[in-house]
Amino acid sequence: MDRVRVGVVGSGGIFQGAHLPAYPDIAEAKLTAICDVSETVLRMAEKRIRSIYQDRIQRAREENNVELSERLMGDLEELKTYLSFSEMLSKEDLDLVDICTPTKFHSQIAIEALKNGVNVMCEKPMARTYLECLEVIEAVEDSKKLYQHNENWLHHPSWYNAKKFIESGAIGEVQLIFLATAHGGPEWASWFWDPDIAGGGALLDNGVHAITCSWFLSGFEKKPTIVKAAEPYGICIRMKTRVIQGMFRQFDVEDDAHVLIRFEDEDGGWVTTHVEGSWSHRDSTDTLIIGTNGEIKPETRNDENFLVISDARGGRREFNLGKISWVQSFAGEIRNMCNCIINNVKPICDEKIGAETTAIVQAAYLSQKKGKKPVTLNEFKRYALKIRDKEGDRAPEVLLRDLLKGIKRL
């Protein structure tokens with residue numbers, strides 16, 4: 001196999017804004033089909049695909065890149081669209097399904113694809129609940145196919161290079177990481193604010209970036225062991241109403257979350273991380289990676305990205321990473337998955353990383369419910385599995401509703 005045949009499910013915002021612009025320059029990927037339950041969204045996506053591909057074809061011609069222009073023209077001519085995922089699976093010979101739907105549908109689409117012998121990569125978060133993640137893990141194991149938890153931050157030059165400096169020993173042994181992901185909130189789409197569809201708010205949607213990335217920086221060989229909703233805010237609703245799709249509304253998911261996580265290795269070493277996932281802008285300390293003899297701090301100046309490494313003696317080194325586009329990290333994750341399929345190699349950010357990330361989020365919700373007391377991952381998992389044993393098929397919904405009861409309005 002020299003190219004991976006990709007079918008996309010969910011052709012809305014994250015596909016059109018982030019995945020789609022990456023595909024034309026990924027030689028390993030052939031965008032074969034797209035699917036969406038909304039014909040309006042599907043036709044808009046098809047129009048945007050043709051516009052982006054035609055622009056890239058024109059540039060390829062201007063660059064005398066005949067091979068690229070012919071490849072993209074062929075891909076565009078052969079592209080198929082579907083309103084039914086099952087129909088797409090039955091009619092197309094796909095190697096990979098790229099899931100870009102709202103969170104509620106992540107697990108069921110992934111399971112259907114895996115049962116049909118197709119590899120999967122899925123936008124974060126992996127699912128609404130840890131219990132839904134376990135169902136996906138079972139499907140991966142049964143199918144013997146590959147699954148990638150799509151965390152684009154791992155492919156962002158700032159975090160990838162920070163990881164290289166950490167592994168080179170530039171700051172000694174990592175002790176503490178402050179990492180925030182915060183903005184004003186996805187007020188353009190109501191589903192983000194609906195717990196039944198989204199599974200949670202800013203922590204599950206936005207904070208998972210910082211959770212998985214801080215784990216990556218700490219080392220995936222370490223395991224998350226303890227989670228705590230951090231004082232003073234914990235996991236909360238800070239704004240009473242929002243203008244969501246043009247109308248003032250109340251909402252029932254968190255728009256701010258501050259969480260402490262402990263990652264430990266088998267030798268007794270650990271890293272503590274403070275994560276903020278916010279839709280009410282950042283109010284935690286600046287992002288910083290602190291080691292035993294130095295620290296790494298990302299900075300942005302005049303649209304250029306830097307990593308600043310300083311040590312206890314006052315030494316300072318700056319590394320200019322240049323301008324980094326929005327699409328660059330998404331191109332990295334897509335290319336990574338395609339090459340994993342071509343070479344039959346398990347992705348570094350697999351189904352188990354995705355499931356543990358969701359477990360961390362839900363353990364944080366449990367900590368908030370318990371008055372911000374620390375909760376071990378094992379404690380949370382026992383709690384979730386007990387609900388599964390009692391509630392059966394209703395368990396994910398029951399777990400979701402139970403955990404979100406702890407979120408309070410400030």
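Bear in mind that the values in this text are calculations on the coordinates, not laboratory data. Quick caveat, the model's predicted, so the values are computed rather than measured. FYI the Cβ positions are ideal-geometry reconstructions off the backbone, even for glycines, and counts take in every protein chain you see.
Structure above, values below:
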read-out	value
Theoretical ellipticity at 222 nm over the chain - DSSP helices of four or more residues, -39500 (n - 2.57) apiece, nearest 500	-12000 deg cm²/dmol
Cα-based convex hull volume of segment 1-109 per residue, rounded to whole Å³	93 Å³
Kirkwood Rh, Cα atoms: Rg over Rh of segment 156-325	1.02
Dipole of the chain, positive end: most advanced residue of PHE248, SER86, PHE319 [Cβ charges, Cα centre]	PHE248
P(r) of segment 110-213 over all Cα-Cα pairs, binned every 10 Å from zero, in whole percent	13, 33, 31, 20, 3
Derived scalar couplings ³J(HN,Hα) [segment 28-42; Karplus, 6.51 cos²θ - 1.76 cosθ + 1.60; whole Hz; x for Gly, Pro]	6, 10, 10, 6, 9, 7, 10, 9, 7, 6, 9, 5, 4, 5, 4
Nearest-0.05 FRET efficiency for ASP25 and SER86, computed from C-beta distance (R0 45 Å)	0.90
Per-residue HN-Hα couplings for segment 293-303 [Karplus 6.51, -1.76, 1.60; θ = phi - 60°; Hz; x = Gly/Pro]	9, x, 8, 10, 10, x, 9, 10, 9, 6, 6
Distance between modelled label sites at ASP196 and LYS373, nm, 7 Å Cα→Cβ extension	3.3 nm
Largest-first principal axis extents of the Cα set of segment 227-343 (Å)	49, 39, 38
For segment 156-325, size of Cβ-based charge dipole, Lys and Arg +1, Asp and Glu -1, in debye	360 debye
Solution diffusion estimate, µm²/s, Stokes-Einstein, segment 19-83, Kirkwood Rh from C-alpha pairs, 4 °C, viscosity 1.567 mPa s	106 µm²/s
Rg/Rh ratio calculated on Cα atoms of segment 99-162 (Kirkwood radius)	1.03
Rounded to whole Hz, the Karplus (6.51, -1.76, 1.60) HN-Hα couplings of segment 387-392, x for glycine and proline	5, 4, 4, 7, 9, x
Prolate/oblate/rounded label for segment 304-384 (Cα gyration tensor, a/c 1.5)	oblate
Residues ASP265 and ASP311, FRET efficiency given R0 of 22 Å [Cβ-Cβ distance, rounded to 0.05]	0.35
For ASN305, residues with placed amide H under 5 Å, excluding near neighbours	LEU321, GLY322, LYS323, ILE324
Shape of segment 303-348, Cα gyration tensor, a/c cut at 1.5	oblate
Point-charge dipole on Cβ atoms (K/R +1, D/E -1) for the chain, about Cα centre, debye to 20	1120 debye
At q = 0.07 Å⁻¹, base-10 log of I(q)/I(0) for the chain (Debye sum, equal scatterers on each alpha carbon)	-0.33
Selection from VAL275, PRO102, GLY12, by position along the positive dipole direction of the chain (Cβ)	VAL275
